[in-house]
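Scroll down for the structure; my scribbles are underneath it.
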Amino acid sequence: MSNFESVNMIVKTAKKQKKTVKLLCQTTIAEKIKSTYDPTMTRADLNQEISRKNKINTTEVSVITNALFEIIKDETTKGNKITLKGFGTFKTKKRAAKKVQLIKQKKTIDLAAHFIPTFLPSKFFLKR
């Protein structure tokens with residue numbers, strides 16, 4: 001093998017290593033960004049945001065939001081529909097009975113008819 005070929009091989013391996021190092025750096029930076037920024041808003045975050053915007057005590061806001069969520073849960077479990085104009089509608093939908101296959105256990109079971117909660121956003125909500 002000539003000197004030119006050996007140098008050429010060294011350059012190629014260096015480029016490959018550089019690409020892998022660059023890729024590793026990009027993935028670690030992406031992982032750090034994901035771990036520091038979570039786009040999910042929790043109930044506590046919601047309470048803080050409402051209290052900040054309206055200059056109300058956070059504990060008072062949490063009592064109000066808890067009551068709101070309890071009312072929504074109670075009414076939807078009764079089968080009632082809750083419509084908030086400009087926001088959307090909370091309601092329940094009936095799911096029909098069906099047969100479900102459990103692949104790992106190699107069984108087929110009957111799933112009874114049941115109700116699930118749903119949210120239908122309003123047109124105004126979707127435009128924003």
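The values are calculated or read from the model by the stated rules, or taken from the named source; none is laboratory data. The model shown is predicted, which means the values in this text are computed figures rather than measured ones. In this analysis, Cβ positions are derived from the backbone assuming ideal geometry, glycine residues included, and neighbour counts consider all displayed protein chains.
For the range 41-94, a residue qualifies if it is small (Gly, Ala, Ser) and farther than 16 Å from PHE115 by Cα, and the qualifying residues are ALA44, SER51, SER62, ALA67, GLY86, GLY88.
The rows are residues; the columns are (1) of a type in the set (Lys, Arg); (2) loosely packed, with under 10 Cβ neighbours inside 10 Å; (3) modelled with pLDDT of 90 or more; (4) under 25 Å from LYS127 (Cα atoms).
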| position | (1), (2), (3), (4) |
| --- | --- |
| ILE10 | no, no, no, no |
| CYS25 | no, no, no, no |
| THR40 | no, yes, no, yes |
| LYS53 | yes, yes, yes, yes |
| VAL63 | no, no, yes, no |
| ASN66 | no, no, yes, no |
| GLU75 | no, no, yes, no |
| PHE90 | no, no, yes, yes |
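From GLU70, GLU60, GLU75, GLU49, grab the single residue that is of a type outside the set (A, V, I, L, M, F, W, C) and in contact (Cβ under 8 Å) with a residue 12 or more places away in the chain. Only one candidate passes the filter, namely GLU75. Filtered by the rule that a residue be in contact with a helix residue (DSSP H, G or I) (Cβ under 7 Å, 6 or more places away or on another chain) and either assigned to a strand (DSSP E or B) or surrounded by fewer than 12 Cβ atoms within 10 Å (Cβ to Cβ) (or both), the range 77-88 gives ILE82, GLY86, GLY88. Taking the criterion of being over 22 Å from ASN80 (Cβ atoms) and in a strand (DSSP E or B), the residues of the range 91-128 that qualify are LYS98, LYS99, VAL100, GLN101, LEU102, LYS107, THR108, ILE109, ASP110, LEU111.
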